[in-house]
Every structure is written in C-alpha cells, then in structure tokens.
1. Which distance in nm do the two modelled labels at Glu198 and Ala623 give, with both placed 7 Å along the Cα-to-Cβ direction?
2. How many angstrom lie between the Cα centre of the range 197-217 and the Cα centre of the range 1-22?
3. For the range 204-304, with every protein chain kept in place, what is the accessible area per residue (1.4 Å probe, Å²)?
4. May I ask for the distance between the Cα centers of the range 562-629 and the range 371-433, given as a whole number of Å?
5. Quote the FRET efficiency, to the nearest 0.05, computed for Ala77 versus Ala233 with a Förster distance R0 of 51 Å and r equal to the Cβ-Cβ distance.
6. If you rank Val377, Val78 by how much accessible surface each has, with a 1.4 Å probe, what is the order from largest down?
7. Rounded to the nearest percent, how much of the accessible area of the range 421-625 (1.4 Å probe, protein heavy atoms only) is carbon and sulfur?
8. Can you give the alpha-carbon Rg of the range 547-625 over 2.2 N^0.38 Å, where N counts its residues?
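The values are calculated or read from the model by the stated rules, or taken from the named source; none is laboratory data. None of these values were measured; they are calculated from a predicted model. Backbone-built Cβ (ideal geometry, glycine too); neighbour counts: all protein chains shown. Each accessible area value is taken on the protein alone, full model and side chains, heavy atoms only, with ligands, DNA and RNA left out. Shrake-Rupley method; radii C 1.70, N 1.55, O 1.52, S 1.80 Å.
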Amino acid sequence: MPIVDINMDELRSLTGHDEKSDTEFKSDLFELGLEFEGKTDTGLLQFEFGPDRLDRLSVEGVARSLRYHYGDDRGIAVPSTNNPEFQFIVTDTVPTRRPYVTGAIARGVSLDKHALDSLIQLQEKLHATMGRKRAKGAIGIHDLTMLKGRTLDDSGVDITGGNEMVDTATDSRPTADRETDTSATDSPTHSITYTGIEPTGDTFVPLDSNRELTPAAVLDEHPTGETYADIIADYDRYPAIYDELGLFSFPPVINGRRTEVTTDSRNLLIELTGTDQWTIDRMCTIICYALTARGATIESVNVEYPEQTFSRPDLTVDTKHISHDRIETILGVSFDTAEIIDLFERAGLAATTTDTTDTAVTSNVDIDGSDNSPVYVVSIPPYRVDVLHPLDLIDDVGRAYGFDKLEPRYPDIGTVGGRHERSRLEAVTRTTLTGLGFEDLLNFHLTNKAEVYNRMRTSPLSPAAFNSTPDDIDLGSAPPAEITDPYSGDYTILRPWILPSLVQVLENNTHRTYPQDLAEVGVVANRDDSVNTHVAERRHVAGAVARHDATYEDAKAALQAVCREFDATLQTPPTTHPSFIDGRTAAIIINDTSVGVIGEIHPEVLVEHDLAVPVAAFEFELAALASEA
C-alpha cells in the first residue's frame, strides 16, 4: 500500500485550516481512507492509503481532498492552460519499446524546501506505482530557464540557424503579454527533441556527478544508472531528450545536472516517457495539479509524432452515468436528488441529472433502477485515475456521506450460512500441520515471474503446450495468469504454486534461529483456456523444513502424518523437478492420483535466496485429501 509523508504545517497552509491539530487531521484523513502509520526520523507524519487514489501521493493532493471534505471546495476544477510555446518532436529513431512522450510547462511555481521535497516525493512515488519502477513511465522535471529550444516558424520549421539560440524560458513578461504578442501564436515557437542515440554517443553531466558521461557510462558507473540499467540495457538505441544546447535528459534513468531544479526555480519543464501513452498522460496530470497548488500556471506543449500531433497535458474531463436507485441500493440509505449532487460535489466531482435512461450500456454507464429513477451524469476530473466504473462513484458518495453513518442491517434472505466443505478441509489440514510443528503462513497470492520461475530454476509453458498436455507437466510450470495493468512490477501474476512463497519467507528470515518449519494452505492459479474464465484456481498444501540437517525423510515424515490423518494412501515414486535435487525427489501420489512433488531443494535455489541451510519441501493439491476426509 502506498505511504505518503506529510509535513503537517504544509498541510495546514494548503488546506487553510491553521486551527486544526495533528490529532484532528488524523481523524479527518481516516474518514478519507488514509490511516496514520507513524513518523519519519525528520518528524513527518506517514499515512497509508489504497493504491487507487494516486493523486494523494503528495501533501498537495491530500490537502485538495481535505478541502473538498470540509466543503471549502466543491465540484471539479480544471486548470486553464496557456498556448504552447514549446513542442516535443519525436523522431523515428526513438526506441520502439519506449515510443511515447508527454509533458507540460509550469510557470510561476513557488518552491521552498518543503515544496521541493514534496515534488520529489510525488515524482518517486508515481515512479514506484503507476510507472512500475520507471519501466512503464518515468518523469523528468527540469528548470526551464536552463533550456534553450530551437526556434520554429509558424509552419513548425526550425529557423534557428547556425549557433543562434533563443531562450523563451527567461521571458519575464506577464503571461498575458506573451499571449498577445504576435510571436506567441497558437503554434509553438520552440522545440525539444525526443530521440534515440547510440549507447556510447553524446555525453552529458548527470545529476550528482561532476563529469561528462555517455549513456552507457551512466549505466555502468553512476549509482542511479546501476539501479535502473535493467530497463534499457538491451536496447540498441537509448532514449534521449535534447534541446539546442544538447542532451539534457536520459530517460528513464536520470536527468542532466544542467537543468537541476532548486528552490530558486520558478519555471519548470515536465517531461515523461514510457511504454503507454495513457499512463504517462495521467502521471503528468497528477503532477500538474500538484504544481497548481503551489501557484503555478500550466502551459501546454505540443507533441509531434511522425504521424500525428496533439496537445498536452491531457486535462480531459471524463463522464459516467449512474442511477439514483443504484446508489440507494448499494449504500442502503435514502437520498433526495439535491443531496446526491451535493455529495458528488463534496467528493470533488460534478453531477447533473438527466431525464432519459436511453443510454447505451457501456463501462461508463450503470443505470440499473426503475424507469422513474433519476440518472446522474457525473463529471470526473482528469487526476482521478481510479474511477474506472460507475460503481466507483458510489464509493465517493458513501465516503462523502460518511461510512460511519451507515447503519448495519440484516439482509432480506431466508437461508442459513455455514462453512463450505472446502473450508472445513482447509481448516483440518492447517490444524494437522500446526500440530506437527509447522508455522501456518498466509502469503500474497500475487507475485511476479522472476520469483516463481527464474529463481526456482523453472520456466512457464506456453498456453498451447499446456493445453495439449495439462496433466503431464512439472509442478509450477503452468502458464501464469497475468495482470493486465498491475500497479507494481512486483505483483504481475497470480502464483501458480506455493513453494516460491515459502522460500521467500525463509529468505527474509535468515536472521532468525533454526529450525524453521513453514507451511501454507492457499490458492494457486494459472492460465487455462479450457475454462470459461481462462483462469484455473485450485487449493494447494505446501510445507518446507529448513535446518542444518534437513533431508528428504523429514519432509516425507510430515507428509505421511498428514495423509494418515485423512486415511489417504501415499506413494512416492522417484521423479525429477528442476527446483529439487535429482535422486532426492519424488512424485506425490495420493489415493492413486499424482498430485504433487516432494524433495530436497536444489542448491542453486538455496544460493539464489541466500539460504545457508538445506531445505526439504513438498507441495500437493488439497483436493486429493477430500475423498477420504
């Protein structure tokens, strides 16, 4: 879950509520879904919140939410933008795996140390979330006064000529004067180039360095370059951004020192590059809103691709429809129309009613209600990247109303609940394993390919290969069920087996005493085109024994005890598996059905996870115990 560090004096200033104490703010933020987590070493308060509200990754975004919550602001606010003076020109040599760019210019921003720290925090936390650690989107923020764009004529042709350079960033005239000047038309007058360069091509001085380096040298010698080298190390050409003076940004790795932002910076260039245009546009929008809270005026830029040109930042207001009845049914509260509109406005949205329900059914429409139920047309500000479905709007209404005001009630049904048979089976299995001395674990179901395949010496089958022989594959080699648009690169797939999770726990607990006997009964999933959801889910049982003398026999003894508890027959014929040692591995056959594997973990797996003791482990399908339970 994202955590935002907040300077409470800054929060008081940005909300306009100097009278509120830290305790009062904590209570108010809890109502908005931000939970106090503690303090940093520098005295900042830390708040954790759901990963959907990424506009709250800075004190500016949190203050905006509070102002709506207090009723100080209402409805949506979209910053006005000045005409573009700069244009990004995207060349055809840009790396095909990172082809997109977007940006904006912020003029007149007021940056003190606290504001600059907040901007840096927002940048890095957007990198970690939407940007997937810069792999999907990376942000560069530059002091505009240190840039010199090439001069363009009205048709967009470079007319700088020779070494002459024109610097509009230092234009001190009021914005209105620049807009009315005949040289400042709707067409940009200066350009910046996004291109691809040879790894050992042009040099620049990166941040936190005093010498000229090529992009390749940055990846090899600079600490930041070493951290993010894996993103572009195999590119034939590296992404680069140029002005008239030369290379000043090496995305997604590092900016140049020449354009470093300080507390003296007043005009900023924001540039973002990435693998998905929508993602970097939304990241740019969130930054622009944060800068407007610091007094900035946003100026648009044109982005010119070889085949199209458009204006950024994208401040388009989205709309969705939802019925009055639907809101009342979900929340269990009766409202009149005026109340609903008021709650939408207090949530930072805008709503009007429409008399017609004759609206095409799409992901933007949810009008499940009576024919007489009003339908709301809700406008959503561009920084709200979390509103994906009309039902998300009900969450905003409920939060503005106050979830603590909702009264619990029994559902109008006549059935009696009880524990599912599978749940009973899981409970008995867990009790048996804990009785044998195992620690019962509950790990995340989401993980990534490196953890479940590479680090375990396995590789996934292709969907075609799996579909042809689904019953004759190694445990853990099924094709993964992948998340289409994950928030983090650490959680991109559903785990296809449990043992990697147990080995990770052992890796994180090498400082603890041994023996460490761990077990888990949990969900695994893999892609399977033979089921209607294309994802097959199962329950597995896994155990691991880590100690200085752990052997195959230790794991088998525990497995035999579990099978005896269920009066199940157990056979363990020899087999092979890439995660286990050959000759110390067996198949698990319960009640004449092959359901898993048991053995001693391979030394390469142990070394990969920094484990200094041997580990014996097993994993099998929980359903194998059901017939005799």
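1. Simple spin-label model gives 5.9 nm for this pair.
2. 39 Å
3. Accessible surface, normalised per residue, equals 35 Å².
4. 39 Å
5. Details: r = 42 Å, r/R0 = 0.83.
The value I calculate is 0.75.
6. The residues order as Val78, Val377, largest area first.
7. Values: 4680 of 9560 Å².
About 49 percent, which is the carbon plus sulfur part of the accessible surface.
8. For the range 547-625, the normalised Cα radius of gyration is 1.10.
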